[in-house]
Every structure is written in C-alpha cells, then in structure tokens.
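To keep things clear, I will list the structure first and then write my remarks on it.
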Amino acid sequence: MSARKRAENPANPGNPGNSATAESAARKNARRSSARGKRRSDASDAKAPGQARPVAPRTPSAFASGRAPWHFGVDAAVLIILLGLGVLGFGPTFGHDPRYLVAGFGGIVVGLLVAAAGAHWRLGLITMTGLAFTVYMLLGSALAASGEAIAGFLPSLASLRGLLLGIMLSWKQLLTLAPPVGTSVDVLVVPYLASFVAAIVAGTLAWRLRRAYWAMLPVLALFLTSILFGTTVLFMPVLRGSLLSVGAISWLAYRREMERRETAGSISANAPVQDTAAARTSMLRRIGMAAGVILVAGVLTMAAAPVLTTSTSREVLRDSVIPPPDLHNLPSPLTKFRDYVKNEKDTVLFTVDGLPKDGRIRVAALDSYDGVVFNVDPNSSASFSPVGDPKALSQAVSGTGTDVGVDIDGYNSVWIPNMAVAQSLSYKSATGSTPTLYLNKESSSALNLSGLAKGDSYSMNVNIPEVAGNKLAASDFGSVRLPKLENVPQVVTTKANDIVGQADTPLKRVQALEGALQREGKFSNGLEGQTPSTSGHSAARITKLLSGKEMVGDDEQYATAMVLMARQLGIPARVVMGFYLDEKDPNNGASKVQIKGADVHAWVEVNFAGEGWVPFNPTPDKDHIPNPPEPQDASKPKPQVLQPPPPPQEPADLPPDSAPDALDTDGKKNNQAGILGTILTIVGVASIPILLIVLPLLLIVLLKSRRRKNRLTLGLPTDRVSGGWYEVMSLATDLGAGMDSNATRRETAVALYGAFPASQSTTAVLAERADAAIFGPGQPSEEEVATYWQGVDASVKDMTGSVGFWKRQRAKFSPRSLLVDAKAKAKRRTAFTRGRTDDDLGLRSGAGQEPKLAALAKIFRKGAQ
C-alpha cells in the first residue's frame, strides 16, 4: 500500500505521469514562443516598406477533411432518396405524369451539385445565391419547361419567362387548378424549385457542418410542402413516412459513427493503446442498438399510421386559397325539367358535333333528396375543383376517346352539358375571357359559375364506357358515399319491397324496379291534349304517383321514384338529368345534331363494383298513355254553406336545440371539432418517430440521475467518496475521453486534466483525497464527504465548461458510462461468484477453524470491493 502511494506521489520525479506533464508543458511553451515570434515577424514584415502585403491562405475545401470520397457519395445518395420521398408527394397533383418526376429529381441532383461546388470552394451566401439562380434558369428549361423550350431542352423566351415568373406565381397557380394540373412550366416550377432549393440547403448543411442533424430540416420542409400543395388523396403515406424515418435515423447514425472515428484519437491526451477487440465489440454494439431503434421505429410507424390516418377528409391549402363553389345557392337542374318540355321544346339549346349514336349529354348527377327536390349534395362542393390542365381531366382512362364539340345557343345555366367520361375540356367564352370552370370527377359534372351564354363553345375528348351484360350480372353493388335521404314517403319502402320480392342478385333487383315502373306506369308531360300530370318530384307528388289508381308522370317522377325505392333497399343510385335523342329520331347518329328542349330526359344510374355507374331507364314509352277516365252520372250540386273559420292556433314552442341559431352553432362546433381532430391526427402521426427518439434519451437521463443519487447517499462514507470519484470518471467517459480501467486514480487524473485542462486544479486534488479517504485509517466524517462532493461538482462544472454546447448535450444523453458501469458490475459479480465457490469447496474439505475464518474474510473483502 505504501509503495503504491509513493508511486502516485506527484513529487516523485520517476512518476511517468509527471514526466508526461512536464513534456506537455514544454511543448505548450514552445508553441507559445513560436507563435509570439511569428507575430513579431509578421508585424515587422508588414511595417517593412516596399514589401507586398502577405496573401491569406485559401480556406481548404470541405471535402478535404480526411474522409474517404465515397463517404460524400453516400451522403449524396441518401439525400437524393430522402428528398425524393418528398417529391413523390406531388404525384396526385400532377396525375402521376412522369414529367413531374423529371422536374423534382432533376432539381435534387442539380441542387446537390451546386451545394458541392459551394462546399468545395467555400462560397459565401451572395455567391451561392447567384450561382443557384444561374443554374436554375439555364437548366430549368430542360427539366421543368420542356414544352416551352426549343427542341425540348434549349432555353427559349417562353421557358425563361415561365421560370422567372414561376418563382412568385407558380405556387398560387398550382393551388387554383384542379388536379391533374398538367405539365406546363407554370406548375412544374413548384416541384423543380422546391426540390432544387431543398437540395442546396441540405447538401450545404451536410457537408459544411459537422453535425448532420441540420440537414434534415430541408428534407422535412420538402416533405411537408408536397403535402400542403397536394390533394386530399395521399400517395403511399405509410410507406413514404416509414422510409423517411428509417432512412433519416440510419444516415444520422452513420454520420455520427464517422464523426466519432475522426475525433476518437484526439479526445484523450494520454493516447492509450487501442484495444482492437474492445473497439470492434463497441462498434457492433452500437450497430445493434441503431438497428434495433430503426426496426422498432419502422414497425411502430407502419402499425400506427393506418389507425391514425383513417379520416375521410383532409384539409389542404388549395381549399383555403380558392374555396369550392357554394352549391346551396344553386337551384336543382331537375326543377326546370317541365319548363324545357313546355316552354322550350322547340328552342335549340346547343349544337353537338360528333355525338355518337344514342349518346347522352349529361347536365348534373343528383344524389341528395330533402322531400322537395333532388339536388347535388351540397356537402360534395369540396369535390368541385377548378379545372387544371384541360387536356388531362381523367388520368384513369387510357386510350383515345371521341372528340365532341358543343356550341351554346339558347341554353342558359351554370351547369355545363358534358359526357362521361370527359378526358379533356377546352372552353372558349363568347366574351373572350377565360372563365373559371369547376369539375366534379365523381359525378362527371362541370360548372361555370358565371353562366353559359350564347356564343360559348367548348370541345371534349370523351370515353364512353361499355358495360358487358355477363360481367354486370355477376357484379355486386359498389361501395360509394351517398348522402342520407330525408322525408321519404312510407309508400316508397312498401312499394319497393313488393316489387323486388324474391330477386336474388343485385342486377335482378334493379331490373325488377325498372321493369315494374315501365310496365305499370303511364306517360304524360301534362301538356295540352294530354292526361293531366302534375310537375315536380316532391314527397307528395311521389306519394300520388305510387299510391294512385294509375301511375302517371314523365322522366322527372319515374327517375325520382326508382332512385328513392333503390336507396331504401340499400342500392347506390342517383338521378341524372340530361339530353338525348329518341331512338326513332332520324337525326340520331348524325355528325351534327341540334339539341332542343323536347330532348330533355332524366334517368337512373346505379353503381356496380368494378363497372362504375350504369344507366337505367324506368320511364314508360311515350305511347304508353293513361286510360281515359270512365264517364260518371251527373249529380245535382248541393248549396254551399259558409262554414265558420277555425279558431286561431297558438304557435308551437320549438325546443331550443331545433332553433336555427342552435343548429348553426352545432354545425360550427362540429366543423371546429373536425379541424381539431385533423390537426391532432397529423401531430400524432408526426410525433411517433419523435417519441421513439426522445423516450430512450429521457430514460438515459433518469438512470444517470438515479446513479448520482445512489453514489451520494448509499453505503459507508468511503463508498460515497469513491462514488464521487466515479461520478467524475463517468462524465469523462460520456465526453469521449478514453479511460484506462487499470490505471490508478492519480494516473487517471493526469489523463483527465490533459483532456480537460480547465479541470486541472480539481482532478488531482480529488484523486489524492479519494486515496487518503479510502486507504487511510478509519472512516471520513460526513463533513469531509460533503466537502469532497463539492469538489466533484466543481470538477464536473470545469470539465463541461471546457467543451462546446453540442458536446455537452451529447454527453448528457450518452449511454457510454452506463454501459461501462454495467460491464464492470457484471465482471465483479462473476469474480465474486467464482471466489465464493472456491472458498466453499475449501470450507467443506475438513480444514481447521482458522482456514475457515480466512476464507470468509476473503469473501467479504471481495464483496466490499
């Protein structure tokens, strides 16, 4: 014991630690002298007349840090993948046209090249901005303006103008067009510019800063931009989010490992001999922990995302920039049905060029009923979006369609006559201005809120779906969202059940409803010379139709009755109003036909799985007229007696909840609750990876706090003094200093104040006091223990103050010291168990009492250590 004290005495000239200290001090003095001499020489050179001013050396390239070139290639590849995941979010907006991928990924590659040039030559902010703008304008024609460029890639005046104005205007242009928005330069600038800027910032942060964490900010910004400027339809959200989380964590772990290897040899001043096996084990342990975190993050994200993203609606920026049309203010087109028949039957409404034989012109699909009229569901207004690219209305239909042209004459309405399925719609107004057109792809309905006028014309490329009868017979009903019907007469349900009866297939049920109305119904428009037939399709009119002696009506009543009966049976059906020529009309199939008011019709569409909306015609033939009324005997009229008026009735008291203000308040609350739920869902999904990273860090901080408390309060005074010294060593381990577990405390102190010069005045004193307290006679007092821990706190403060902010934070959350403690504890437990087993064997061998006591003492000593 005394020999060890003499070896650790700082005054001993033979101590290798003191020799190392002396050599280190000599080197520092030599460097100071050299620096002072260099400053004097520089000053004298500057003052010497006739001599040129010395040129400052050029800042070395960011790629000259000693890392292998392929490391920077890995960084670029990872950034391309992570940024590319954000670019894919623009897919639904552009109808998944591959040209948006050329613009987005091209912007990423070009942006990383600009960032690499800036990192190599250490360009400043102004120079980088000028270089980026020049590259953006030169290469943008080939990547984002191929349609306006010369030969598809050479800059032209139109492409340069679009790229320049697109910096400011393309963002609004993208939000004000209905997807797919097309591939003009006005909209392709958004993915090109967003990915270009994000790549420049990400590459600059990744290659100019030691910490790669900052490079994730532009990656996340691009990912969120594609969501905000996208549509309500998400493109592979679970897969893209999981790949982004896993890729980011893997790359950051890789960069952290590279940084640790670069700085491992310069952290500790005493440069201990490297243990290759231990280094390999440490590396494998880190790789295993990182792989575990990545695996858990990916699994939890993929498992939780579907649950948290089951909302049927999602708010995007395009709904806030240009609100959808308010359908509540638009009258139902079906209310004008009898007006067309009676007052405009000979008026030419519009001329159609290229209408196929038996082709139908649609006006609107009506799916909402309130007991008075059938109308377009007001809540579906969000589905009406401004028309974007007029040549790409429907990306779901492939192949060439039929070109149809329409010239408006006497038709005046906001509903645009069209055909299903329109793949393009090019509109030309008579006034010369281009109106804003709204399209609902689900119902194939189009709107011009300024109204169609005489002289307007437009062309469509349409695809008329053909339904095979054998496929339809084996199909089930489709699953579509339809609004709830209100105020439906009871006779509708009764009549529907009586008609359907034992029909056992979906098609047979629909055909039963259609056939019953065609057979039993009588046709009359209520015109002069026809059997009286009341117009409208209210609940009272439908009740009269279905419960009367004869069913009398026209398309308006029969289509409404069939849809109401079908919906009561759970069949997805809707009323469609439009125009078509009768089969016997000689103009049916002509190249150019005039559509008049007499050609108005209403029919029924039923949705079948895999086939879409299929039309049905429940209206009887026009020659199926009502039977003439039977003659009745004339009767003498009785004199009329004036009856007294009924007493006035007091107005009924409505419950508070049914008042309009209360209903409006409830609607606002529900709307606010829906928006809040959407925000909470987005925050919940985004916080999953964050929680997976933060929770382990909080656990590490909690374990370190508990360890410090145990070292300060548990055990004998000598144990608490020893715990204070281990607290210092744990901090040094977390800061990255290589500690030799076989060194004495004073040797360790030399290494500590070599690695952390600011703690030189405290570490040596702590080592000496710890040796004195542990190896000295008796136990230290409580005051001495408290004083020792004050020195520990001062040493810890000096050590953390000698490093930077980020290094302090990394040490706070580093698990290194915890792993070292666990490993040391496992070794002590193993050694203690082995020693106890050997001593137990000696006790059972029949030795005397003194060997037994010696063995017990040995066991207790090992346990105390």
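Values computed for the structure shown
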{"read-out": "Qualifying residue in the stretch 402-420 (condition: surrounded by 20 or more Cβ atoms within 10 Å (Cβ to Cβ), β-branched (Val, Ile, Thr) and closer than 24 Å to residue 232 by Cβ)", "value": "yes"}
{"read-out": "Filter pass, residue 144 being surrounded by 20 or more Cβ atoms within 10 Å (Cβ to Cβ), touching a Ser or Thr at 6+ places or on another chain (Cβ under 7 Å) and either modelled with pLDDT of 95 or more or aliphatic (A, V, I, L, M) (or both)", "value": "no"}
{"read-out": "Helices (runs of 4 or more DSSP H) lying entirely in the stretch 120-219 (those with 1 or more residues that are of a type in the set (Val, Ile, Thr) and within 26 Å of residue 243 (Cβ to Cβ))", "value": "185-208"}
{"read-out": "Scan of the stretch 606-617 for residues that are surrounded by fewer than 24 Cβ atoms within 10 Å (Cβ to Cβ) and in contact with a strand residue (DSSP E or B) (Cβ under 7 Å, 6 or more places away or on another chain), ordered by number", "value": "607, 608, 609, 613, 614, 615, 616, 617"}
{"read-out": "Lone qualifier among 599, 554 - being outside the structural domain of residue 475 (by TED's automatic domain parsing), more than 45 Å from the chain's Cα centre (by Cα) and among the charged types (D, E, K, R)", "value": "599"}
{"read-out": "Test for residue 107: is it surrounded by 14 or more Cβ atoms within 10 Å (Cβ to Cβ) and either at positive phi or touching a residue at least 12 places away in the same chain (Cβ under 8 Å) (or both)", "value": "yes"}
{"read-out": "Filter result for residue 842 (touching a Pro at 6+ places or on another chain (Cβ under 8 Å) and modelled with pLDDT under 80)", "value": "yes"}
{"read-out": "Residue in the stretch 344-352 that is closer than 25 Å to residue 542 by Cα, modelled with pLDDT of 90 or more and aromatic (Phe, Trp, Tyr) present", "value": "no"}
{"read-out": "Contacts under 9 angstrom Cβ, first residue in the stretch 325-337 being part of a loop (DSSP other than H, G, I, E, B), partner aromatic (Phe, Trp, Tyr) and modelled with pLDDT of 90 or more, 6 or more apart", "value": "330/415; 332/374"}
{"read-out": "Members of the stretch 572-590 that are within 49 Å of the chain's Cα centre (by Cα) and either part of a strand (DSSP E or B) or surrounded by fewer than 22 Cβ atoms within 10 Å (Cβ to Cβ) (or both)", "value": "572, 573, 574, 575, 576, 577, 578, 579, 580"}
{"read-out": "Matching entry among 768, 747 (being under 56 Å from the mean Cα position of the chain (by Cα) and touching a residue at least 12 places away in the same chain (Cβ under 8 Å))", "value": "747"}
{"read-out": "Where a residue in the stretch 525-552 is under 11 Å from residue 626 (Cα atoms) and its partner, wherever it lies, is acidic (Asp, Glu) and buried (at least 20 other Cβ atoms within 10 Å of the Cβ), with Cβ under 8 Å and at least six apart", "value": "533/554"}
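Condition check ((1) under 23 Å from the mean Cα position of the chain (by Cα); (2) surrounded by fewer than 23 Cβ atoms within 10 Å (Cβ to Cβ); (3) of a type outside the set (A, V, I, L, M, F, W, C); (4) closer than 29 Å to residue 384 by Cα) across all residues:
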position	(1), (2), (3), (4)
168	no, yes, no, yes
175	yes, yes, no, yes
190	yes, no, no, yes
200	yes, no, no, no
210	no, yes, yes, no
213	yes, yes, yes, no
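For (1) touching a Ser or Thr at 6+ places or on another chain (Cβ under 8 Å); (2) among the hydroxyl-bearing types (Ser, Thr, Tyr); (3) not assigned by TED's automatic domain parsing to the domain that holds residue 109, each residue gets a yes or a no:
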residue	(1), (2), (3)
204	no, yes, no
208	no, no, no
225	no, yes, no
230	yes, no, no
239	no, no, no
242	yes, yes, no
246	no, no, no
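The values are calculated or read from the model by the stated rules, or taken from the named source; none is laboratory data. As the structure is a prediction and not an experimental result, all values here were calculated from the model. Please note: Cβ atoms are built from the backbone with ideal geometry, for glycine as well, and neighbour counts cover all protein chains shown.
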